[in-house]
Amino acid sequence: MVHQNISKMKYSALVLILLLLASCSDFLDKVPNEDMTLDEAFSSRLYAERYLSSVYVNLPQEISFNDWWGRNPFVGASDEMEITWNAVYAQYMNNGSWNPENVGNGGQDMCDIWPYNWEGIRKSNIFLSHIDQTPMDENEKDIWKGEALFLRAFYHFLLLRTHGPIPIVDKVILPDDDFKKIKRSTFDETVNFIVSDLNKAIASNLPIKTSTDKYGRATKAAALALKSRVLLCSASPLFNGNPDYKDFQNKDGEKLFSDYDAKKWEKAAQASLECIQAVEDEGYKIYYSSDNDPVTAYKELFLKNWNSEVLFAKNIGVWDHIERASNPTGMSGWSGYCPTQELVDAFEMSNGEAPIIAYNTDGTPIINPSSGYAENGYTTLTHPNGYYQSGIRNMYVGREPRFYAFINFNGAYWKTRKLEFWKTGRDGKKSGGVDYCITGYLMKKMLDKNVNISQNTGWSLRTLVYFRLSEIYLNYAEAINEAEGSSKAYFYVNAIRKRAGLPDLPSGLNYDQMKEKIRHERQIEFAFETHRYFDTRRWKISEKTDGGFIHGMNINAGTSLNDNAFYERSILEKRIFEKKHYLFPIPQKEMNKLPLMVQNPGW
């Protein structure tokens, strides 16, 4: 495919950069007539900073959901998206064919999360072990150490969230070291190590914000946000007293998971509140657009780089892949990133009511009579703010603003015209070829309507947002609801709903009701941002969300916008989820090197 070739060209460029920056013996550009050793490199401030830049390279390119160098199979392997193409690792996960043999390999259809993050950890340790010999301003040196500590913590967490307990590596492992002694630390030890690194980073001279010439560098805000996420993960049911893991142990009999500890929720709430207070004191806030329109706000949130809500992001330049993968074929896109009917059904109505409350055994929806939702018929009205035009199916009318900001649906006005996802439409499935909209929906979130792919115009510099303030709001709401009950959660959930143009939650919610509201809010607010996969797993609900039928519209039918045949809910696939899928397997080739390592349960 053309887009795979483009992606491979980009990856080849990335490999070249890594070869120049990251290997142990020649991580920097060669100076005239000699190779540079590590000691020589760290004798210069300039080269030391270049090495620190190389430590950032291993941050995952999560804005790509299909190419292996994005290292993000998670969006396509959750119930929020179906990716059109088969040769992506998310499809292995969805059909149950992933295993220890293929999980750690490179290549277009594989997923090398394990080795790539360990490479980042190694580079972090090399930097931390050598930077003290660099002649430079000590205050600046302390800032750089804080950055490297944050990155080492982040790479450990990226492994923890996928694989569970991992070895803790806080020093440079040398060729003469005994690799056979390496084993997994306990889950709590791993979390404590990550938090310790983050506390050191927070206590360093890291600024809470960076100046424009330092955008993309770690800050106290980034470290505080990561600490919030780590401790929320640690407190969650998958890792906190999970009975499925009570007998999971190292080869020496050491248990890798501890019993349930309610105080973990208190720690998570405290860390989230500390983050909120610290960053808001420095001017971070929930982003609103100047016209106070929720749809505009969510468009700008991902296009106005380094806005008031962004706590940590990565500069990714003129990034064309997400535009090509999400735009319809009739506009020279690939129609690859396709939201599921399950996600579409989850968006509330503009009055804050859920449109669908359950499903019949045949998959047809049970409609909430108080929501105003209608499954059939077509509207003669146009939304006053332009969210939709007349003639669209009633199932897309009167939805909450985030729906119109996140989802492109049949008949939605996009760029210059209404979209045509029915079979004979300009954006429909064509005979032959692999690029087509498989669900009848395309991802709209994070896209720039000014991009014209066919004319190759309208591109702009982009960032990949890892942490934003709204996540910390909902982290706190979830943790404090678990620790103390619902009362303190209201403010933070309602703050997110206010920006989304929705009414406040009803008063008087009990713990269970608030828990479900928070989970729903996370599903919608963070759609396509690599949260849903990990949320459903840490809540231990993936059997329900990721094991069963996934639906979309009937893309093989229809001759016009008002053809009822297109709007029939259709099964896309039956996804496979087994208990072992809660954790990634450790790559078998790594297991073969480390005799004390134990594989994750079921693998």
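The figures follow:
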| quantity | calculated |
| --- | --- |
| Degrees, to the nearest 10: 469-484 long Cα axis against longest axis of the chain | 90 |
| Degrees separating the helix 220-235 axis from the principal Cα axis of the chain, which is the longest one | 80 |
| Shape call, region 160-238: gyration tensor on alpha carbons, a/c limit 1.5 | oblate |
| Nearest 10 degrees, 0 to 90: helix 490-499 Cα axis against the chain principal axis | 60 |
| Distant-in-sequence amide H partners of Arg462 (H built 1.01 Å from N, under 5 Å) | Ile316, Gly317, Val318, Trp319 |
| Convex hull volume per residue for region 385-518, taking Cα atoms only, in Å³ | 169 |
| Correct choice for volume of the Cα convex hull per residue in Å³ that was computed from the model, options [x] 156; [y] 184; [z] 174 | [x] |
| Region 397-463 versus region 483-559: alpha-carbon centroid distance in Å | 24 |
| Tail beyond 22 Å, pair distance distribution of region 492-603 (Cα, percent) | 60 |
| Whether region 407-484 is rounded, prolate or oblate, judged on the alpha carbon gyration tensor where a/c under 1.5 counts as rounded | prolate |
| Placed amide H near Arg399: partners under 5 Å, 5+ positions off or other chain | Ser350 |
| Highest average packing first - 183-193, 373-383, Cβ atoms within 10 Å | 183-193, 373-383 |
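Rule-based calculations on the coordinates, nothing more; no lab input. Keep in mind that this is a model prediction, so the values were computed, not measured. Note that each Cβ is placed from the backbone with ideal geometry, even for glycine, and that neighbours are counted across all protein chains shown.
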